[in-house]
Amino acid sequence: MKYTICVTQRCNLRCDYCYIGKRDISLSPDAARKIVDFAYRNTPADEKITIGFFGGEPLLEFGRIGRIVDLIEGHPDYTPERVEMTVVSNGTLFSEKSARYLRDHNIAFGVSYDGPPTIHDSSRCFADGRKSGKLVEQNLKRAVAELPETLVNAVYGPPTFHLLPHVVDYFSELGLRHIYLSPDFSARWTQADADILADLFTEIGAFHERGFTRGDPHFISLIDAKIAVILRGGYGPNERCRMGRGEYAFSADGFIYPCERLIGEGGGGGHSIGHIDTGIAPDRLACHPARPRNSPLGMH
């Protein structure tokens, strides 16, 4: 079961492809407590609880994250083996203090970074227009030194996707071994772009293979995830998208969404399926052909 908590919708960057609206709002302590209770109450006993701290930029509210972690770890049903936590940051605010806290609480750290500064800065600048790539690069080096399992996620689109092999090489040189490559689905892709992707993925696959043969394996999402699926003979029931039944996201004002990509501006519009104060609204799930297993529709 996956729960994404939008700790704040404030952010110091203005990324071209961001799908979260920027608002001066952060999650209240009362809403945080109800979200944590929601997660424990609606997760079957045989499933893990994965909680991601998201934004906006979550490290703008680092103290608030700490208080939510206290709620998670202080819950009667908490066990370290069952609960996994992650912070996904834009990488501009990393510090030794945050690294120490994440390490002490076994919280995974991920940075959204699109590649070398020349690539990153084409889409991810500060609100005042300043470039962020150099700062994120410096902080990412510090993160790898402090937290060797640091994850990186690079978004690629038509202007930059042809540089993907270079981006992977660059991440490897920084010491990163957990690399996620995510397409910008909102971009205007062409058939010509699609025709090039196969050769690019083949080149990345060759890099992946070389790493294994020399004893320096890299996790690269678009390869490793597919290898696992092939070896198992297809997707398991809990590996497919489970939005609105095995996956929930919470905006900073407490509205519930079936996926963090659908939060948008928050405020309960669009794809909201309820609010943490009132629970899931059955009429907002009316498009589902059948009530999914373990749905919390009966909680109110």
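The values are calculated or read from the model by the stated rules, or taken from the named source; none is laboratory data. Because the structure is a prediction, the values reported are computed rather than measured. Cβ coordinates were reconstructed from backbone atoms using ideal geometry, including for glycine residues, and neighbour counts include every protein chain displayed. Note: areas computed on protein heavy atoms with side chains; ligands, DNA, RNA excluded. Shrake-Rupley method; radii C 1.70, N 1.55, O 1.52, S 1.80 Å.
Observations
- Meets criteria (of a type in the set (A, V, I, L, M) and either modelled with pLDDT under 95 or part of a loop (DSSP other than H, G, I, E, B) (or both)) for I230: yes
- Of everything listed in (1) of a type in the set (A, V, I, L, M); (2) open to solvent by less than 30 Å² (accessible area, probe 1.4 Å); (3) more than 17 Å from the chain's Cα centre (by Cα), the single unmet condition for A127 is (2).
- Restricting attention to the stretch 87-135, the residues being in contact with a strand residue (DSSP E or B) (Cβ under 7 Å, 6 or more places away or on another chain) and basic (K, R) number 2.
Residues checked against (1) at positive phi; (2) surrounded by 14 or more Cβ atoms within 10 Å (Cβ to Cβ); (3) part of a loop (DSSP other than H, G, I, E, B); (4) not polar (S, T, N, Q):
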site	(1), (2), (3), (4)
G66	no, no, no, yes
I72	no, yes, no, yes
T92	no, yes, yes, no
S98	no, yes, no, no
P165	no, yes, no, yes
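- Only listed residue being within 26 Å of I35 (Cα to Cα), of a type in the set (V, I, T) and open to solvent by less than 40 Å² (accessible area, probe 1.4 Å), chosen from V87, V136: V87
- Every listed requirement among (1) outside any helix (DSSP H, G or I); (2) of a type in the set (S, T, Y); (3) exposed (fewer than 13 other Cβ atoms within 10 Å of the Cβ) is met by T202 save one, (1).
- Where I20 falls short, out of the listed (1) open to solvent by 50 Å² or more (accessible area, probe 1.4 Å); (2) at pLDDT below 95: (1)
- R41 meets the conditions (1) assigned to a helix (DSSP H, G or I); (2) buried (at least 16 other Cβ atoms within 10 Å of the Cβ) in every case but one. The failed one is (2).
- Qualifying residue in the stretch 229-244 (condition: farther than 30 Å from G279 by Cα, hydrophobic (A, V, I, L, M, F, W, C), exposed (fewer than 13 other Cβ atoms within 10 Å of the Cβ) and without any contact (Cβ under 8 Å) to a residue 60 or more places away in the chain): yes
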